[in-house]
Amino acid sequence: MATSIVSYLLNLWLLLFFSKNVSSAFDGRKIAQHNTNLQFIHTIQVTNFLPPPHCKHSTKAGKKNKALLKVVHKHGPCSQFNQENAIAPNILDVLLEDQLRVDSIHSKLEAARSDVKQTDSAKLPAKSGESLGTGNYIVSIGLGSPKQELPLIFDTGSYLTWARCNADQTLDPLKSTSYVNVTCSSPICNSLNSATGNPSTCSSSTCVYQIRYGDGSSSVGFLATEKLTIASTDVFDNFYFGCGQINQGLFGEAAGLLGLGRDKLSVVSQTASKYNKLFSYCLPASSSSTGFLSFGSSQSTSAKFTPLSSSASASSFYNLDMTGISVSDNKLDIPASVFSNSGTIIDSGTVVTRLPPTAYSALRSAFRQAMATYPMAEPLSILDTCYDLSNYTTVDVPKIVLSFNGGVDVDIDNSGIFIGKELTQVCLGFAANGDDGDIAIFGNTQQKNFEVVYDVGGNKVGFAPSTCSS
């Protein structure tokens, strides 16, 4: 009798066990993957793949900055420009324009390589400028006397700062007492070639700049000096910038561009006497949040630094030495020569991180293996590893770590792993270059929720995990 009761209870337990697991397997609202190495995965709510519908205001004040300016995503719920009839940016257009930017960077660096062979703190909140079509971010600065507030794209891959001064003028030089055109005879006029990629020209006696970007956008105008105000306290006289007369392209509500590259005409070089060529930024996890751009100090004391690459002398980009990639704490079998031969830059204006094909193939294979229990979806433009996550509430995603010289490991935030606008097509936010010899680019999607510290004077770049709360 006792044996019969034990047998009955055992059978009942087995029935309940298998019923529960079969039910879970066919319940699309459950987690399909159960990874026991929890420290090597991100468990992400699928709702995080889409920006929240409501504005998420920052509640923290800057730790080291006296001035704090609020900025928001142009198409996000915090924006004053977010009208009911506003058209949201098309992800396919963003990716196409991103590829044009990458092609332009590769072309510029190839030309630079050919030439070599032949011979006190201020903080600005940053908002996503993805709606501009170039995947960049926007901050507000002041130009003129009295100060005119201007929303500018900030870009570590650009050098000359410029603002629109044309008929639909955003900056009105006639209302400023400190505006002065630069003459053609000025030595600084000859510096435009390195800052814009084009030689200067003249209109009467005034120096004229012309600049064209990878997505086809362009600006032509006068080189001038003006009073620059960063935040509300830091003022710089005789700041060189471009007063744009003919401006074409996807600048949207932005009034121009703030150049954060390494050229002597960049804002980094022109403010070096106060900020010591040190700046940092934190890109927010979604378009419903804000981040910051800080000059003169970083907000974190825990940043880990990797030295700028010795190959950086070939260009004004910020070159790093990538040494490896790990997925779920497993270092991928990628020869070191793959990274050393291509080189790597970090760029605030490139959306999707580009890797040498050999490295990307290894990353894709490991990522797909770790995500094997989730249904795949059709590729999205340059993104070929996509998933239909519409039937899940949470997903287990393998952690991705990019390693750099000096033992610096950047554990990509869960907001920086996927790109997509619909839950039926969420894609790994990495792509392959056309050739192993093309330079790798550490894009802004993978930089989200990190304070990225550029100590140009110290010849190094640092990374510190951050929530970007300003």
Anything in the range 459-470 that is at pLDDT below 95 and open to solvent by less than 40 Å² (accessible area, probe 1.4 Å)? List them, or say none. Ala464, Ser466, Cys468, Ser470
Can we say Ile105 is buried (at least 19 other Cβ atoms within 10 Å of the Cβ), modelled with pLDDT of 75 or more and touching a strand residue (DSSP E or B) at 6+ places or on another chain (Cβ under 6 Å)? no
Of all residues in the range 435-458, how many are in a strand (DSSP E or B), open to solvent by 10 Å² or more (accessible area, probe 1.4 Å) and in contact with a Cys (Cβ under 8 Å, 6 or more places away or on another chain)? 1
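Filter the range 202-232 down to the residues that are within 27 Å of the chain's Cα centre (by Cα) and open to solvent by 40 Å² or more (accessible area, probe 1.4 Å) and list them by number. Walk me through how you get there before you give the answer.
Applying the first criterion (within 27 Å of the chain's Cα centre (by Cα)) to the range 202-232 yields 209-220, 228-232.
Across the range 202-232, the qualifying residues are Gln210, Arg212, Val220, Ser232.
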Lone unmet requirement of (1) at pLDDT 95 or above; (2) open to solvent by 10 Å² or more (accessible area, probe 1.4 Å); (3) among the β-branched types (Val, Ile, Thr) for Thr290: (1)
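Is there a residue in the range 450-462 that is of a type in the set (A, V, I, L, M) and either in contact with a helix residue (DSSP H, G or I) (Cβ under 7 Å, 6 or more places away or on another chain) or over 30 Å from Ser298 (Cα atoms) (or both)?
Residues of the range 450-462 that are of a type in the set (A, V, I, L, M), as a first pass: 452-453, 456, 461.
Those still in the list that are either in contact with a helix residue (DSSP H, G or I) (Cβ under 7 Å, 6 or more places away or on another chain) or over 30 Å from Ser298 (Cα atoms) (or both) too: 456.
Within the range 450-462, one or more residues are of a type in the set (A, V, I, L, M) and either in contact with a helix residue (DSSP H, G or I) (Cβ under 7 Å, 6 or more places away or on another chain) or over 30 Å from Ser298 (Cα atoms) (or both).
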Selection within the range 318-337 - open to solvent by less than 30 Å² (accessible area, probe 1.4 Å), closer than 22 Å to Thr445 by Cα and among the β-branched types (Val, Ile, Thr): Ile325, Val327
What are the residues in the range 396-434 that are open to solvent by less than 10 Å² (accessible area, probe 1.4 Å), closer than 24 Å to Val338 by Cα and modelled with pLDDT of 95 or more, if any? Pro398, Ile400, Leu402, Phe404, Val408, Val410, Ile412, Ile417, Leu428, Gly429, Phe430, Ala431
From Ser298, Ser315, Ser273, Ser340, residue being out of contact with any strand residue (DSSP E or B) (no Cβ under 7 Å at 6 or more places or on another chain), at pLDDT below 90 and either open to solvent by 10 Å² or more (accessible area, probe 1.4 Å) or not aromatic (Phe, Trp, Tyr) (or both): Ser315
Look at the range 115-127 and say how many of its residues are touching a Lys or Arg at 6+ places or on another chain (Cβ under 8 Å) and either assigned to a strand (DSSP E or B) or at pLDDT 85 or above (or both). 2
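Residues being assigned to a loop (DSSP other than H, G, I, E, B) and open to solvent by less than 60 Å² (accessible area, probe 1.4 Å): count how many of those fall in the range 176-201.
Selection size over the range 176-201: 9.
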Single residue of Gly216, Gly259 found to be at pLDDT below 90 and in contact with a strand residue (DSSP E or B) (Cβ under 9 Å, 6 or more places away or on another chain): Gly216
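What residue, among those in the range 356-383 that are of a type outside the set (Phe, Trp, Tyr), in contact with a Leu (Cβ under 8 Å, 6 or more places away or on another chain) and part of a loop (DSSP other than H, G, I, E, B), is most open to solvent (accessible area, probe 1.4 Å)? Let's see the steps before the verdict.
As a first pass, look at the range 356-383 and keep what is of a type outside the set (Phe, Trp, Tyr): 356-359, 361-366, 368-373, 375-383.
Filter once more, keeping what is in contact with a Leu (Cβ under 8 Å, 6 or more places away or on another chain): 359, 362-364, 366, 380-383.
So of that shortlist, the ones also part of a loop (DSSP other than H, G, I, E, B) come out as 381-382.
On the way: Ser381: 68, Ile382: 49 Å².
Going through the qualifying residues, I end up with Ser381.
The values are calculated or read from the model by the stated rules, or taken from the named source; none is laboratory data. The structure presented is a predicted model; accordingly, all values stated were derived computationally and were not measured. As a convention, Cβ positions derive from the backbone with ideal geometry for all residues, glycine included, and neighbour counts pool all protein chains shown. For accessibility, only protein heavy atoms count, side chains too; no ligands or nucleic acids. Shrake-Rupley method; radii C 1.70, N 1.55, O 1.52, S 1.80 Å.
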